[in-house]
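Student: Take a look at the following structure, please.
Here, each number is a calculation from the coordinates, and none is a lab measurement. This structure is a prediction, so every number in the text was calculated from the model and none was measured. Please note: Cβ atoms are built from the backbone with ideal geometry, for glycine as well, and neighbour counts cover all protein chains shown.
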Amino acid sequence: MKKDGKCEKQECKCSRIVELADPFPMHMLKIEKIEQENSNVKSFYFRHKLNSQPGQFVMVWLPGNGEKPMSIARDYGDSFQLAIASVGNVSNKLCCAKVGDFVGIRGPLGTYFSLTDDKAKLVKSIALVGGGYGAGPMASLAELAIKKGLKPANIHYIVGARTKDLLLFHKRLEGIGVNVHITTDDGSFGAKGRVIDVLNKVVTDAKKNKIKIDKIYTVGPELMMKAVYDVAMRENIDCEISLERYMKCGIGVCGSCIVDPTGERMCIEGPIIGKEKIKQITEFGKYHRDATGNKVKY
């Protein structure tokens, strides 16, 4: 308390109070490079030490257009890459941006994938399942796994798309020896069908060769991830998924990304969720909530 401009209590340290640093500062970053990845996705490169891990995201702000969470496709150390599909107001505007334009970035935010088992030991054989632009985090995780000591031959990267023109990052991993499995809905490239069919085959073949898949990771459409999770449950394989929900703040304040019935915020306790926690989230694979909070069924 202050009285006549002076502190009533001698121990008060008003003169020493300083403004706390923002734990989630907004950085206005220049777009250094833009690459067209496929007919619907562009990669944007920014020079900045993000210090992110595979599975984390950033909040991307365009003045006058709003802010949106976006996954990190790749972190190079002194720069990073965002692979963005033109599917909403912010992403549509961003896809019209040019090299030299500035974008607001907050992050990295959220939880990330773990390459250890329940005994905190490095996993030895993994399967990564990516759908759509979820392929970016999966590719980054594969690269990190190799840096950690996994043999490329023990990494299965399963990526799917509706058609050949929508595939992402498979060539990136073919070049480093990872087992790349490609599916397209129309059969225009790779196997015709779903990623879940390939995952089942990978798991079955591993068992025949007496090789245990230690962990399955997945990012993509929720119904696809639910099918992947069901395989993990059936085969008793550990699993981590990226559970995206509508986000406004990205820092656990607004509550828009809370899941039923646990009340956990996917921007803080997620988006990467482990197998045991997924069991508790009853809305997974059934519905999500829109910007108004209403349930939207899958």
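Student: FRET efficiency for Asp101 and Val296, Cβ-Cβ distance as r, R0 = 25 Å, nearest 0.05?
Tutor: Numbers: r = 33 Å, r/R0 = 1.31.
Once the sixth-power term is evaluated, E becomes 0.15.
Student: List nothing, just return the count: lysine pairs in region 27-109, 8 or more apart or interchain, with Cα separation under 20 Å.
Tutor: The result is 14.
Student: Roughly how many Å is it from the Cα centre of region 36-109 to that of region 185-238, as a whole number?
Tutor: Result: 29 Å between the Cα centres.
Student: Something else now. Report the rotationally averaged projected area of region 163-247 based on its alpha-carbon convex hull, in square nanometres.
Tutor: Values: hull surface 27.2 nm².
Projected area, direction-averaged: 6.8 nm².
Student: Tell me the label-point distance for the pair Asp165, Asp205, using the 7 Å Cα-to-Cβ offset, in nm and rounded to one decimal.
Tutor: Modelled inter-label distance: 3.0 nm.
Student: I need the chymotrypsin sites (Phe, Trp or Tyr not before Pro) found in region 215-246, filtered to DSSP loop residues with at most 11 other beta carbons within 10 Å of theirs.
Tutor: Values: sites: Tyr217, Tyr229, Tyr246; in loops: Tyr246.
Counting only loop positions with at most 11 other Cβ atoms within 10 Å, none of the chymotrypsin sites (Phe, Trp or Tyr not before Pro) in region 215-246 qualifies.
Student: Using Cβ contacts closer than 10 Å as the measure, can you line up His156, His48 from fewest to most?
Tutor: On the way: His156 24, His48 15.
Ranked by crowding around the Cβ, least crowded first: His48, His156.
Student: Can you check how the C-alpha radius of gyration of the chain compares to 2.2 N^0.38 Å, as a plain ratio?
Tutor: Working: Rg = 21.4 Å, N = 298, 2.2 N^0.38 = 19.2 Å.
Working it through for the chain, the quotient is 1.11.
Student: Loop-only trypsin sites (Lys or Arg not before Pro) in region 145-211, please: DSSP not H, G, I, E or B, and at most 11 other Cβ atoms within 10 Å.
Tutor: On the way: sites: Lys147, Lys148, Arg162, Lys164, Lys171, Arg172, Lys192, Arg194, Lys201, Lys207, Lys208, Lys210; in loops: Arg162, Arg194, Lys210.
Sites meeting the loop and neighbour criteria: Lys210.
Student: Something else about it: State which stretch of the chain is the longest one without any exposed GluC sites (Glu not before Pro), exposure meaning a DSSP loop state and at most 15 other Cβ atoms within 10 Å.
Tutor: Values: sites that count: Glu8, Glu11, Glu19.
Result for the longest clean stretch: 20-298.
Student: Then there's this: Which value, to two decimals, describes the C-alpha radius of gyration of region 64-113 once divided by 2.2 N^0.38 Å? Could you put the intermediate results ahead of the total?
Tutor: On the way: Rg = 11.7 Å, N = 50, 2.2 N^0.38 = 9.7 Å.
Here the answer is 1.20, to two decimals.
Student: Do any chymotrypsin sites (Phe, Trp or Tyr not before Pro) in region 31-91 lie in a DSSP loop with no more than 14 other beta carbon atoms within 10 Å, and if so, which?
Tutor: Details: sites: Phe44, Tyr45, Phe46, Phe57, Trp61, Tyr76, Phe80; in loops: Tyr76.
Loop-located and lightly packed - Tyr76.
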